[in-house]
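Comments concern the structure below.
The values are calculated or read from the model by the stated rules, or taken from the named source; none is laboratory data. Predicted, not measured: the structure shown is a model, and the values here were computed from it. Note: ideal-geometry Cβ built from the backbone for every residue, glycine included; neighbour counts use all protein chains shown. The accessibility values were calculated without ligands, DNA or RNA, using every heavy atom of the protein model including side chains. Shrake-Rupley method; radii C 1.70, N 1.55, O 1.52, S 1.80 Å.
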Amino acid sequence: GKGLAVFTSGGDSQGMNAAVRAVVRMGIYLGCKVFFIREGYQGMVDGGDNIVEANWSSVSCIIHRGGTVIGSARCMEFREREGRKRAAKNLVTRGISNLCVIGGDGSLTGANLFKEEWADLLKELVKDGEITLEQSEKYKHLHIVGLVGSIDNDFCGTDMTIGTDTALHRIIESIDAIASTAYSHQRTFIMEVMGRHCGYLALVAAMCSEADYVFIPEWPPEQDWPNKLCKKLIQERLTGQRLNIIIVAEGALDRNGDPITAEKVRQVVVEKLQQDTRITVLGHVQRGGNPSAFDRVLGCRMGAEAVMALVEATPETEACVVTLDGNQAVRLPLMECVRRTKAVAQAMADKNWDLAVQLRGKG
Ligand code: ADP
């Protein structure tokens with residue numbers, strides 16, 4: 001059977017374990033020899049017992065766990081050609097030429113580069129006497145499928161990334177908890193949630209919690225936002241509301257590109273309205289805890305589809321990413337999605353927010 005390896009890379013997210021489990025089991029079911037690579041690209045470069053064969057039961061009892069049980073890491077060596085050459089040797093000597101990478105756009109970019117260089121890397125390894133000519137012939141095509149694990153929902157080409165739904169659950173639980181105490185004391189609460197380039201978590205959390213105001217990177221407010229904010233807060237209190245909730249995405253900006261931080265918002269509310277105002281920064285709580293049913297199912301479906309894509313791959317098959325499109329698992333060209341994701345970040349850096357939203361919405 002085909003040699004296939006699965007690894008998780010970059011930031012962790014809930015539901016990655018469900019995806020790992022599905023890749024292993026679907027792979028075994030379809031007759032592949034499946035390996036784990038521990039600690040992302042670092043394990044691939046280091047080899048040794050970072051790359052181990054998986055069996056049916058080695059993925060039992062992980063579907064309900066947050067994070068990734070096979071570890072994730074950032075790896076400088078894989079950014080260098082020499083590191084990727086070592087990784088190639090570690091794969092070929094184990095008979096692996098199919099990879100399922102679960103990570104964000106950085107991890108997927110690295111995977112694509114690896115695929116492009118693969119033939120040359122193998123040639124050099126033969127010349128160096130690290131692998132045989134026979135091995136280089138047998139494994140001359142590297143097949144890559146990506147799955148997007150990220151709590152931010154910041155990747156173009158998918159309706160939801162693996163981990164977003166669970167992060168939303170964590171956020172909403174926290175807002176509900178805070179709302180009850182805010183209600184009792186007639187306080188204003190400012191909640192900072194994750195999302196450096198993407199306000200999805202903040203926006204959806206705001207809708208689900210009847211928040212009074214939300215600041216997201218894609219929709220920077222006009223310079224007079226402090227007045228508008230205060231007007232809205234007063235209006236709500238006048239109608240009898242006993243608390244105010246304001247959600248701030250960590251990447252929120254104003255039209256000048258200056259950050260709108262939770263602290264800045266607090267100062268405005270305290271100075272202008274003298275309201276009792278508290279800040280909660282949720283931080284890594286959002287990445288924590290058990291994955292939701294949605295993320296477990298999403299991980300399972302994406303993982304199974306990834307293996308099908310690898311099994312069906314021909315020498316001409318481009319690297320693809322398995323995504324969710326209207327509740328269908330679809331395969332899209334990996335680099336096109338990565339390029340668009342990067343273009344969104346660039347458009348935001350250029351303060352071209354309309355373009356950013358347009359680019360993200362497409363597909
Ligand atoms: P994410 O996958 O969550 O976006 P990173 O951007 O940190 O996270 O990428 C994770 C790892 O992927 C990096 O530590 C590095 O090993 C690898 N990687 C990222 N970008 C590249 C690249 N352009 N070339 C080679 N490897 C890369």
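Structural remarks
- For the pair L273 and F294, label points projected 7 Å from Cα toward Cβ lie 2.9 nm apart.
- Test item: Cα-centred dipole of the stretch 198-272, Lys/Arg +1 and Asp/Glu -1 on Cβ, debye: 300 debye
- Dividing the convex hull volume of the alpha-carbon atoms in the stretch 105-188 by its residue count gives 138 Å³ per residue.
- Cross-link table K33/K85; K33/K342; K33/K115; K2/K89; K140/K342; K2/K342, entries beyond 27 Å C-alpha to C-alpha: K33/K342; K140/K342; K2/K342
- Taking the convex hull of the alpha carbon positions in the chain and averaging its projected area over all directions gives 18.7 nm².
- Counting Lys and Arg as +1 and Asp and Glu as -1 over every other residue whose Cβ lies under 14 Å from the Cβ of Q14, the net charge comes to 0.
- Averaging 1/r over each pair of different alpha-carbon atoms in the stretch 59-213 and inverting the result gives 18.9 Å, the Kirkwood hydrodynamic radius.
- Distance in nm between pseudo-label sites at C61 and Y183 (7 Å out along the Cβ direction from Cα): 4.0 nm
- Histogrammed with a bin width of 5 Å, the alpha carbon distances of the stretch 75-133 distribute as 4, 18, 31, 26, 14, 5, 2 percent, first bin at zero.
- Listed residue (Q241, T161, V193) projecting farthest to the positive dipole end of the chain, Cβ model: Q241
- Inter-part distance, the stretch 12-62 to the stretch 304-363, computed on C-alpha centroids, equals 23 Å.
- Accessible surface area normalised per residue over the chain is 44 Å², counting heavy atoms of protein chains with a 1.4 Å rolling probe.
- Per-atom-type breakdown for the chain gives carbon and sulfur 51% of the accessible area (1.4 Å probe, protein chains only).
- Taking 16 Å as the cut-off, the amide N atoms of the stretch 134-163 that come nearer than this to a point 7 Å along the Cα-to-beta-carbon line of E318 belong to 143-146, 156-158.
- Amide H contacts under 5 Å for K33, placed H, 5+ residues apart: K2, G3, L4
- The dipole here belongs to the chain: it is taken about the Cα centre, uses +1 on the Cβ of Lys and Arg and -1 on the Cβ of Asp and Glu, and is about 360 debye.
- For the stretch 204-317, radius of gyration divided by Kirkwood radius, i.e. Rg to Rh on alpha-carbons: 1.19
- Proximal charge balance of E312 [Cβ under 15 Å; K/R count +1, D/E count -1]: -1
- Cβ-based net charge around A167, under 12 Å, with every Lys or Arg adding one and every Asp or Glu removing one: -4
- Ellipsoid semi-axes for the stretch 27-137, based on the Cα gyration tensor and the rule √(5λ), read 25, 17, 12 Å when sorted largest first.
- Value at 222 nm in deg cm²/dmol, rounded to 500, when DSSP H runs of n ≥ 4 in the chain each add -39,500 (n - 2.57): -14500 deg cm²/dmol
- Protein-only accessible surface order, largest first, of Y29, Y213, Y41, Y183 at 1.4 Å: Y29, Y183, Y213, Y41
- Unit charges at the beta carbon, dipole of the stretch 1-72: most positive-side option, V34, N50, G11: V34
- Label-point separation, E53 to V357 (7 Å along Cα→Cβ), nm: 5.4 nm
- Shown are K264, K231, whose ranking by accessible area with a 1.4 Å probe and every protein chain present, most to least, is K231, K264.
- Note on V330 and D176: the extension gain reaches 51.9 nm, defined as 0.36 nm multiplied by sequence separation minus the Cα-Cα distance.
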